[in-house]
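Notes follow the structure.
The values are calculated or read from the model by the stated rules, or taken from the named source; none is laboratory data. Only a predicted model underlies this, so the values are computations on that prediction, with no experimental measurement involved. Neighbour counts run over all protein chains shown; Cβ positions are idealised from the backbone, glycine included.
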Amino acid sequence: MRLLNPDPPARRIETEAGISSALLDAALALPDRAAAERLERDAATLHLLDPRTIKGEDARTVFWINVYNALRLQVFHRDPPVTSVPMSLSRFRDYGWRIGEHEYSLSIIHHGLLRGNRRPLWSWTPPLLSTWLPPRAQLASGDPRLQAAPAFFDPRIHFALAFGAIGSPSVRPFSPENLE
């Protein structure tokens, strides 16, 4: 995975909500050069955050939605899809940010954390095997990143995650107060 925030942080944003909001604000202003620099600076602060300590299910869900959307905007800004998004799926697993001690790709955030550790929708199991094999999880059981996931799958994520396709929702900032 190529980390898009490999540098140590230059400053610290105090709250998880502040970090995710600042990331998304900067990402929404891309391709502005100052916004790109601010996004990289703010993404470096994620090194100092332990996402397992985020209190409240809505706050945890909002954090990951905002981080996912900001990272997706940065990925598609740096490496724009040449064809359609479904033909560019490698971007979702090949780019990520270091958050705390661990690396999180778009695929890990989406499927491993927000979808309750389900396999990506585009992964394929041969029809004969799919009848007797359990679905493969995105993260192995015991992976420490699972501790940062919301406790329950929240179907509202499907109306909040902007994965770049024509039919995906538009990117907008979320807070625990406006998640509903």
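Looking only at segment 2-33, residues that are part of a loop (DSSP other than H, G, I, E, B) and either under 14 Å from the mean Cα position of the chain (by Cα) or at pLDDT below 85 (or both) come to 12 in all.
Considering only residues in segment 45-58 that are touching a residue at least 40 places away in the same chain (Cβ under 8 Å) and part of a loop (DSSP other than H, G, I, E, B), the one that is farthest from Glu14 (Cα to Cα) turns out to be Gly56. Residues in segment 9-39 that are in contact (Cβ under 8 Å) with a residue 24 or more places away in the chain, crowded, with 16+ Cβ neighbours inside 10 Å and not aliphatic (A, V, I, L, M): Pro9, Glu16, Ser20, Ser21, Asp25. Residue pairs whose Cβ atoms lie under 6 Å apart, separated by 6 or more positions or on different chains, with the first residue in segment 153-168 and in contact (Cβ under 8 Å) with a residue 24 or more places away in the chain and the second of a type outside the set (Gly, Ala, Ser) and not in a loop (DSSP other than H, G, I, E, B), are Asp154/Thr61; Ile157/Leu114; Ala160/Ile65; Leu161/Tyr68; Ala162/Asn69; Gly164/Phe76; Gly164/Val85; Ala165/Val85. Summed over segment 121-151, the residues that are at pLDDT 90 or above and either part of a loop (DSSP other than H, G, I, E, B) or small (Gly, Ala, Ser) (or both) give a count of 6. Among the residues of segment 153-180, the ones that are touching a helix residue (DSSP H, G or I) at 6+ places or on another chain (Cβ under 7 Å) and in a loop (DSSP other than H, G, I, E, B) come to 14 in all.
Mind counting the residues in segment 59-116 that are of a type outside the set (A, V, I, L, M, F, W, C) and in a strand (DSSP E or B)? Result for segment 59-116: 7.
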